[in-house]
1. What percent do you get for the relative contact order of the chain when only Cα pairs under 8 Å and 6+ apart count?
2. About the Cα centre, and with charges only on the beta carbon of Lys, Arg (+1) and Asp, Glu (-1), how big is the dipole of the chain? Nearest 20 debye, please.
3. Report the dimensions of the stretch 193-340 along its three principal axes from the alpha-carbon atoms, largest first, rounded to Å.
4. Taking amide hydrogens as modeled 1.01 Å from N in the peptide plane, which residues meet the under 5 Å criterion relative to TYR249, leaving out close sequence neighbours?
5. Quick one: which residues, 5+ away or cross-chain, put their amide H under 5 Å from the amide H of ALA193? H built at 1.01 Å from N.
6. Using each residue's phi in the stretch 290-297, evaluate 6.51 cos²θ - 1.76 cosθ + 1.60 at θ = phi - 60° and report the 3J(HN,Hα) Karplus result to the nearest Hz, with x for Gly and Pro.
7. Within 10 Å, at most 15 other Cβ atoms, and a DSSP state outside H, G, I, E, B define an exposed site. Report the longest part of the chain free of exposed chymotrypsin sites (Phe, Trp or Tyr not before Pro).
8. From the residues VAL142, SER69, ILE166, which one has its Cα farthest along the dipole of the stretch 60-174 in the positive direction, the dipole being from +1 and -1 charges on Cβ of Lys/Arg and Asp/Glu about the Cα centre?
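The values are calculated or read from the model by the stated rules, or taken from the named source; none is laboratory data. These numbers come from a predicted model, not from an experiment. Cβ placement follows ideal geometry from the backbone for every residue including glycine, while neighbour counts extend to all protein chains displayed. Note: areas computed on protein heavy atoms with side chains; ligands, DNA, RNA excluded. Shrake-Rupley method; radii C 1.70, N 1.55, O 1.52, S 1.80 Å.
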Amino acid sequence: MKNSISQLLGLAGTVTRARLINSTKVLTGFWRSRFTGNTSHPGLPMSLSVEPTTSCNLRCPECPSGLRSFTRPTGMLDPVLFEKILRESYRHVQYLTFYFQGEPFLHPQFLELVKLARKFNIYTVTSTNGHYLNEETARKIVESGLNKLIVSVDGATQETYEQYRIGGTLEKVLEGTRRVVDWKKKLRLRTPAVELQMLVVRPNEHELDAVAKQGTSIGVDSIVFKTAQVYDFEKGHPLIPTDQRYSRYVQRSDGSWKIKNSLENHCWKMWHSCVITWDGNVVPCCFDKDANYVMGNLKEASLREIWNSPRYRSFREQLFNGRSSIDICRNCTEGTKVFE
């Protein structure tokens, strides 16, 4: 509860008159579209996900970065391009996630990117596999002004952890997380809020309590259990948890599997956020991992131009007319409720 209040206060500190007006436009536009089917969009994105890199040190089995299965190129976000994005969008963007695919801390200037976003008073979040949190980096993370750090810990023992985080070392992750928590205390700073996040799959679901105890022992601000996306789920999959609380999928009477989402023809994410790949492509959401639905490129046009372009409007209309016809939507649990 204390952590939630702290994060809400952090977000409240990024509110400006221009951002508040834009948020109102986004909300009213979304609800109007729900009731009328009109996909015209009066607002601009309140939230962005920006990809520092597609590179990753691990080989997780349900991740394109881990599988090295991208058809799009691998690379690093250009700081000059990132500054251009910020200057064009800071008046309406309040929340920025430094993550899409890849491991953010492989970007050699990653924390400089964070500092730049904080200069524009944008709330910043990143997610990491935790293998690069050495003493110096841990201190710099706390000093950078990053608002929230999510660390993935998918098991309480090395044997369990490495079944999903292939190539990873659990103890290294826990030690790195502890360093960040310790530096917050040393520097007497409240940020970043440190969240230990467990992706629940069948091989690790028996260790939920143990992971929670580890997080409490380290002193993290929150511990979150997250459901996992599985690509080929229709015939069942060894990663689907037996505990239905943590499964995105449910078994039919004929033995096949389906996603729990009813896939209604609307999506909050299409109104309030978008994703920017390391090379400047704008895609609709985080489920378009291979950037198959590029709405435009920020090296060639502004975010405002792309957001209201005929291509983006056409995509929103396609979603309203039949969300299940879009392949990236068919395995999606997001977008069915506001603030989901």
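1. Across the chain, relative contact order equals 18 percent.
2. My answer is approximately 1260 debye.
3. 49, 45, 26
4. LYS260
5. Amide H neighbours of ALA193, under 5 Å, 5+ apart: LYS148, LEU149.
6. 9, 6, 7, 10, 7, 8, x, 10
7. Here the longest run is 71-230.
8. Result: VAL142.
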